[in-house]
Amino acid sequence: LGNCPPEKNLAVKAAWLMKDLCGTDKGCHIHIVKRVPIGAGMAGGSADAAGTMEALRALWMPEVERKTLVEPSAMLGSDIPGLLYGGAILMEGRGEIVTPIFQPGERVAKGFWLVVAFPRVAISTKKVYENCIPCLTDRSKICDNAINSVREGDVRAACRYIFNGLQDTVFNQYPETKCFYTALGNGGALSQMLSGSGSAVFGLAESKEHALEIQSRLPEGTWSKVVETLPDSV
């Protein structure tokens with residue numbers, strides 16, 4: 001679990017929650033291989049918690065559907081319900097209200113190709129929120145059109161409507177993050193945005209080939225990954 005005290009690690013908290021939900025006195029061994037940088041705003045710790053809950057559900061109570069864990073998982077963190085739900089979703093409220101963008105059996109559009117760049121600066125989400133009065137997204141036109149772009153698999157439409165209300169605050173507090181945002185644009189990204197509360201930023205690309213081209217133009221030594229969104233599930 002690295003340098004994080006066990007009692008503060010989200011995976012450990014998730015295991016304790018699952019023990020309560022399952023009514024079991026069983027234990028487990030958790031081994032985490034970290035591939036998502038810490039303090040990057042990419043929900044790495046939350047993904048560990050969601051993965052722990054799903055694994056223990058399959059181990060301790062496989063007869064229960066995963067989606068029944070979505071509501072109690074909100075006690076651990078606002079983005080964990082969405083990660084547990086899987087797929088392309090709309091999250092509202094504090095993150096506990098989750099609505100799938102694609103319904104079961106519906107045709108699923110292709111995903112988007114992204115280039116993620118990490119400035120190697122760990123950012124405290126708490127500090128960002130303390131210095132910002134965020135409107136994270138706009139539930140009216142911006143949000144509705146962003147949802148439609150995902151439903152249609154239209155990356156250029158998505159570029160017109162992506163928005164992160166924390167971005168300006170993070171750029172002011174951590175100028176190096178804005179430098180990487182600019183580097184993605186200079187490299188040919190269709191559009192760029194801060195990932196969560198930062199410090200990672202991402203750029204949208206037309207295709208995998210385009211994403212690899214953008215990545216190749218980033219400054220030497222940049223931590224970067226070419227990834228594809230999975231709108232149907234994880």
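The values are calculated or read from the model by the stated rules, or taken from the named source; none is laboratory data. None of the values given here were measured: they were computed from a predicted structure. No Cβ is skipped: glycine too gets one built from the backbone with ideal geometry, and neighbour counts run over all protein chains shown. Just so you know, the surface numbers come from the protein's heavy atoms only, side chains and all, with ligands and any DNA or RNA stripped out. Shrake-Rupley method; radii C 1.70, N 1.55, O 1.52, S 1.80 Å.
Return the distance in nm (one decimal) between the two label points of a simple spin-label model at Arg94 and Thr24, each offset 7 Å from Cα along Cα→Cβ.
With each label point 7 Å from Cα toward Cβ, the separation is 2.8 nm.
For Lys8, give me every one of the aspartates and glutamates with a C-alpha distance below 20 angstrom, ignoring sequence neighbours fewer than eight places off in its own chain.
Excluding near neighbours in sequence, the set is Asp20, Asp48, Glu54, Asp79.
Can you give the extra length, in nm with one decimal, that the chain gains between Asp154 and Tyr129 once fully stretched, where that is 0.36 nm per residue apart less the Cα-Cα distance?
Gain in length upon complete extension: 5.9 nm.
I need the per residue convex hull volume for region 89-200, using only the alpha carbons, in cubic angstrom as a whole number.
117 Å³
Can you give the charge dipole size of the chain about its Cα centre, rounded to the nearest 20 debye, using +1 on the beta carbon of Lys and Arg and -1 on the beta carbon of Asp and Glu?
The dipole of the chain has a size of about 320 debye.
Put a dot 7 Å past each Cα toward the Cβ at Glu65 and Ile32; how far apart are the dots in nm?
Between Ile32 and Glu65, the simple spin-label model gives 2.9 nm.
At what distance in nm do the modelled label points of Arg107 and Glu7 sit from each other, each positioned 7 Å from its Cα along Cα→Cβ?
Each label point lies 7 Å from its Cα, and together they span 5.5 nm.
Within region 1-92, what whole-number % of the accessible surface is contributed by carbon and sulfur, with the 1.4 Å probe and all protein chains included in the calculation?
55 percent
For region 8-133, what is the largest minus smallest coordinate of the Cα atoms on each principal axis, given in angstrom and ordered from greatest to least?
42, 40, 29
If you take all C-alpha pairs in region 195-234, what percent of them are over 11 Å apart?
69 percent
For the chain, what size does the Cα cloud have along each of its three principal axes, sorted from largest down, in whole Å?
Principal-axis extents of the Cα atoms in the chain, largest first: 55, 43, 35 Å.
Counting only heavy atoms of the protein chains, get the accessible area per residue of the chain (1.4 Å probe) and round it to a whole Å² value.
So the chain comes to 55 Å² accessible per residue, rounded to a whole number.
Work out the charge dipole of the chain with +1 on the Cβ of Lys and Arg and -1 on the Cβ of Asp and Glu about the Cα centre, then indicate which of Phe118, Ala189, Ala158 is farthest towards its positive end.
Of Phe118, Ala189, Ala158, it is Phe118.
Ignoring everything except DSSP H segments at least 4 long, calculate the 222 nm mean residue ellipticity for the chain; use -39,500 (n - 2.57) per segment, divide by total residues, nearest 500.
Value at 222 nm, helices only, nearest 500: -11500 deg cm²/dmol.
Size of the dipole of region 14-126 about the Cα centre, Lys and Arg at +1 and Asp and Glu at -1 on the beta carbon, nothing else charged, in debye to 20?
Approximately 460 debye in magnitude.
Would you mind checking the pairs Lys19/Lys126; Lys127/Lys178; Lys13/Lys67; Lys13/Lys225; Lys34/Lys225; Lys67/Lys208 and listing those with alpha carbons more than 22 angstrom apart?
Lys19/Lys126; Lys13/Lys225; Lys67/Lys208
Above 11 Å lies some portion of the pair distances; for region 1-41, what is it as a whole percent of all C-alpha pairs?
Pairs farther apart than 11 Å: 71 percent.
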